[in-house]
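Chemist: Can you keep this structure in mind? I'll have questions shortly.
The values are calculated or read from the model by the stated rules, or taken from the named source; none is laboratory data. Values in this document were obtained by computation on a predicted structure and should not be read as measured data. All Cβ positions, glycine included, derive from the backbone under ideal geometry; neighbour counts span all protein chains shown.
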Amino acid sequence: MAHASRPDPAGGFVLFTALGRQVAIAADTVTSIDSVPREREGVFDIRCEPGGRSAADETGAEERVVLLRDSGLRLLVGGPVWVAVVGRFEVAEIPAYLETWADQYGVLGLLVQEDEDEEDVRLIIDPECTARAFG
Amino acid sequence: MESEQTERFDFGEKGALAGPEDPAHAVGDGRSGFVFSVSGNLYGIDLEEVETAVGLSDIVPLPWAPHHVLGVMRIRGAFEAIVSLERILGTETDTDAGRAGSGATRPRVLLIRSGGLKAGLLVDRIEDVTDVGTLGPCPAGARGQVAVFSRGVVRWRDDFICWLSAERILNGTRVQA
């Protein structure tokens, strides 16, 4: 997988829970964010790491299905799901030591939001790459 | 907090201690470096291979990361990979698993560097920054992968300790394509 370009914070990010942790994807990769349908065939459940949860597991009230723009893939993600457009955040690079790992798993960078004295750090992921990793 | 994180071991880009030259550096073929402990085992590494030593702060875990990678941590404004030396050397025991410095009194991260690569070694305690004697070969039957990632052994006080190589650690453990 070619190394993707660094995400542009100006476009904003969609924030949610996936792979059992807080992640972000570029907002311009998303067509829509919908409620979870009763029939989930064709929906990739990426809430936990592979093997961490069964696709038949119940969904919570905050979970959503994210429709990706280019591929048309639908991803079931954990909530809360929200869009960050403005605010104090920075995009940090993945260290060179982990560059190959990042390319393999579609990790594009780190989204850092400052909140008073604390930092909230999320992985910025390529959602299509993540979905492929789930097979 | 930066002021708490960056202690007196901040060497900057050249990796040299600020201050007057230590005459001992110019004598013989001994070396200077950090001596540190991990799970009761002592190790050393060359001074010039350590960019900085900082206190442990929040490590952000990574999905699907190699077993020896604990996550990333911010050091001097940039995020660096933090790795477990025990897992790299294959010396981790069941009691050490997941410990990651949690039981240590003064856990530190040594940011090691070689050829453009950097990673933070999580250590329990920095024992000394000093000159040591010349290198000798690793003993036969050294535990795990110790011989693979070390330059040899040196004498420090009453012990012989394994002297690690940042180049071997970084190039030997990074994920390959």
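Chemist: Scan (1) at pLDDT 85 or above; (2) under 27 Å from residue A:99 (Cα atoms); (3) crowded, with 20+ Cβ neighbours inside 10 Å for the single condition residue B:153 breaks and write down its number.
Modeler: (2)
Chemist: Going through segment B:53-83 one residue at a time, which ones are away from every other protein chain (no Cβ under 14 Å) and surrounded by fewer than 22 Cβ atoms within 10 Å (Cβ to Cβ)?
Modeler: Taking segment B:53-83 first, the residues away from every other protein chain (no Cβ under 14 Å) are B:53-56.
B:55, B:56, listed by residue number.
Chemist: Within segment A:91-105, can you find the residues that are of a type outside the set (A, V, I, L, M, F, W, C) and either assigned to a loop (DSSP other than H, G, I, E, B) or surrounded by 19 or more Cβ atoms within 10 Å (Cβ to Cβ) (or both)? Talk me through it step by step, then tell me what you get.
Modeler: Filtering segment A:91-105 for residues of a type outside the set (A, V, I, L, M, F, W, C) gives A:93, A:95, A:97, A:99-100, A:103-105.
Selection gives A:93, A:95, A:97, A:103, A:105.
Chemist: Only residues that are at pLDDT 90 or above and facing another protein chain (nearest Cβ under 7 Å): list them for segment A:102-115, please.
Modeler: Answer for segment A:102-115, where residues must be at pLDDT 90 or above and facing another protein chain (nearest Cβ under 7 Å): just A:110.
Chemist: Which condition number does residue B:88 fail, the rest of (1) within 13 Å of another protein chain (Cβ to nearest Cβ); (2) at pLDDT 90 or above; (3) over 13 Å from residue B:39 (Cβ atoms) being met?
Modeler: Unmet for residue B:88, out of (1) within 13 Å of another protein chain (Cβ to nearest Cβ); (2) at pLDDT 90 or above; (3) over 13 Å from residue B:39 (Cβ atoms): (3).
Chemist: Any residue that is of a type in the set (S, T, N, Q) and either at pLDDT 75 or above or buried (at least 17 other Cβ atoms within 10 Å of the Cβ) (or both) - is there at least one of those in segment B:99-109?
Modeler: no
Chemist: Picking from A:60, A:12, A:20, A:51, which residue would you name as being within 14 Å of chain B (Cβ to nearest Cβ) and at pLDDT 75 or above?
Modeler: Details: A:60 fails: within 14 Å of chain B (Cβ to nearest Cβ); A:12 fails: within 14 Å of chain B (Cβ to nearest Cβ); A:51 fails: at pLDDT 75 or above.
Step by step, each of A:60, A:12, A:20, A:51 is checked, and only A:20 is within 14 Å of chain B (Cβ to nearest Cβ) and at pLDDT 75 or above.
Chemist: So, in segment B:56-70, how many residues would count as being part of a strand (DSSP E or B) and modelled with pLDDT of 95 or more?
Modeler: So in segment B:56-70, the residues part of a strand (DSSP E or B) come out as B:60, B:69-70.
With modelled with pLDDT of 95 or more added as a condition, the list becomes B:69-70.
Total satisfying the criteria: 2.
Chemist: Further question: Got a number for residues in segment B:115-128 being surrounded by fewer than 17 Cβ atoms within 10 Å (Cβ to Cβ), in contact (Cβ under 8 Å) with a residue 24 or more places away in the chain and touching a helix residue (DSSP H, G or I) at 6+ places or on another chain (Cβ under 8 Å)? Before you say what the answer is, go through the steps one by one.
Modeler: So in segment B:115-128, the residues surrounded by fewer than 17 Cβ atoms within 10 Å (Cβ to Cβ) come out as B:115-116, B:125, B:128.
Imposing the further condition that a residue be in contact (Cβ under 8 Å) with a residue 24 or more places away in the chain reduces the set to B:115, B:125, B:128.
After this cut, where a residue has to be touching a helix residue (DSSP H, G or I) at 6+ places or on another chain (Cβ under 8 Å) as well, the list is B:115.
Residues that pass the stated criteria total 1.
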